[in-house]
């Protein structure tokens, strides 16, 4: 299971079954992040209303693109590499999110604990690692937006 770790020194470790597999440098205000995965730097960034994943070495080549499903929806549609995912609330008032690939449920995202909003992702291992990390990040964006809306 992937887990958004505790932020230390401005960076967030991404853990896979307790072992660090990536490091995230989140951008607080812009819903962006820079990840280092196996020595490669990835950028998760805003592109208008969409969120995108791209290699830092090829900034004009978008690998994955996430778009909100609708104006009042918290669900996001993610497309890229010939596959499409959807991530959104499992139930109207729950914290768990479900992940669909081409319409089939392949996993869930939840919180690390009742008090923490750090997401976890339990997903089919056939999903490529960069897709898993992007889905975890989108889950993080959804949770941060929900927290901000609840606080206002």
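The set of residues in the range 8-20 being surrounded by fewer than 16 Cβ atoms within 10 Å (Cβ to Cβ) and assigned to a strand (DSSP E or B) consists of 8, 11, 16, 19, 20. Considered as a group, the residues in the range 70-81 that are touching a strand residue (DSSP E or B) at 6+ places or on another chain (Cβ under 9 Å) and under 17 Å from residue 145 (Cβ atoms) include one that is surrounded by the fewest Cβ atoms within 10 Å (Cβ to Cβ), and that residue is 73.
Of the residues making up the range 25-40, at least one is closer than 22 Å to residue 79 by Cα and more than 16 Å from the chain's Cα centre (by Cα). Candidates 115, 137: the one that is in a helix (DSSP H, G or I) and either closer than 20 Å to residue 23 by Cα or over 14 Å from the mean Cα position of the chain (by Cα) (or both) is 137. Restricting the range 26-40 to residues that are outside any loop (DSSP other than H, G, I, E, B) and surrounded by fewer than 15 Cβ atoms within 10 Å (Cβ to Cβ) leaves a set whose member that is modelled with the lowest pLDDT is 27.
Just the residues that are out of contact with any strand residue (DSSP E or B) (no Cβ under 7 Å at 6 or more places or on another chain) and either outside any strand (DSSP E or B) or surrounded by 14 or more Cβ atoms within 10 Å (Cβ to Cβ) (or both), please, taken from the range 82-112. Even if it seems obvious, please write down each step before you answer.
Here is the first cut: in the range 82-112, the ones out of contact with any strand residue (DSSP E or B) (no Cβ under 7 Å at 6 or more places or on another chain) are 82, 91-94, 103-104.
Within the range 82-112, 82, 91, 92, 93, 94, 103 meet the criteria.
The values are calculated or read from the model by the stated rules, or taken from the named source; none is laboratory data. What you see is a predicted model; the values in this text were computed from it and never measured. Every residue, glycine as well, gets a Cβ built from its backbone with ideal geometry; the counts of neighbours run over all protein chains shown.
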